[in-house]
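Heads up, the thing below is written out as C-alpha cells.
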Amino acid sequence: MKILIAEDEDDLRTQYKDFLEQKNHQPITTKDGQECVSVFSEEYQKWSASKAEDTSTVSPFDVVILDYQMPNKNGLEAAQEILALAPKQRIIFASAYVENTLKDSIHILKQIVELMQKPFGLQALVDTIEDKGIYEELEKLNVDIKNLKDLEPTHVQVRDYLDALKKIQKGRTF
C-alpha cells in the first residue's frame, strides 16, 4: 500500500517508515501538515493526469496518516485540504486526545475519520492500515453524521461515536 505520513517527531517518523517498509508498504513521510499537503497535491496531480478511466482508486495514496498537532499546519487543516481534492481519501489521525479529535473532525470535516491514540504500537499501525473494512464501516457511520442538524455533537453523541469507532477498529488503537 502507498501511505503518506505527516509526523513532526523525527524518531516516530523514522520508526513508522522503517516498520512499514519491512511490511512491504510504500511510505512517504513528511515533517508537518504543510509539507504533507504539498506532497499530496503533487502526487494527486500526477495521478489524476494518468488515471484515464481507472475508477478503482480514489487517490494516489491508500491512506494518509496525520499527526493531529504539528507546526506550520496541523492535521485537521491538512485533512481539510486533502479532502477538498479527494473527498473519499482514507485518513487516520494520530492523536493523544481522541475525543477532542473526533469532535473536531465532525464539526470541521463533517465526517468521522479513523483515530489512533498516541502512543500506539507499530503493529497496531500496520493492522489498522491493512484493515480496509474499517473505512467501509466508517462510511456507514458517516451517513449518521450527515443527518445531524448542527455539527456540534453533544458529549454523549461524541462518546457514542467514539465507542462505534473503537468497535469498527476492533479496539486496536484506543
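The alpha-carbon of Lys110 sits under 14 angstrom from the alpha-carbons of these aspartates and glutamates, leaving out residues fewer than 8 places away in its chain: Glu77, Glu81, Glu139, Asp144, Asp150, Glu152. Every helix of 4 or more DSSP H residues in the chain counts as -39500 (n - 2.57), and over all residues that averages to -15500 deg cm²/dmol at 222 nm. Residues whose amide H lies under 5 Å from that of Phe174, counting only those 5 or more places away or on a different chain, are Gln117; hydrogens are built 1.01 Å from N in the peptide plane. Taking GluC sites (Glu not before Pro) in DSSP loop conformation with at most 15 other Cβ atoms inside 10 Å as exposed sites, the chain has its longest uninterrupted site-free stretch at 54-174.
Within the stretch 2-168, DSSP assigns beta bridges of which about 0% are antiparallel (rounded to the nearest 5). If you wrap the tightest convex hull around every Cα atom of the chain and split its volume per residue, you get 109 Å³. Straight-line cross-link reach from Lys31 at under 14 Å between alpha-carbon atoms covers these aspartates and glutamates, not counting any fewer than eight positions away in the same chain: Glu7, Asp8, Glu9, Asp10, Asp11, Asp67. Estimated from the Cβ-Cβ distance and a Förster radius of 30 angstrom, the FRET efficiency linking Ala49 and Lys167 is about 0.15.
Computed from the coordinates by the stated procedures, all read-outs in this text should not be read as laboratory data. Just so we're clear, the structure is a prediction, and the values are computed from it rather than from any experiment. Glycine gets a Cβ as well: all are built from the backbone with ideal geometry, and neighbour counts include every protein chain shown.
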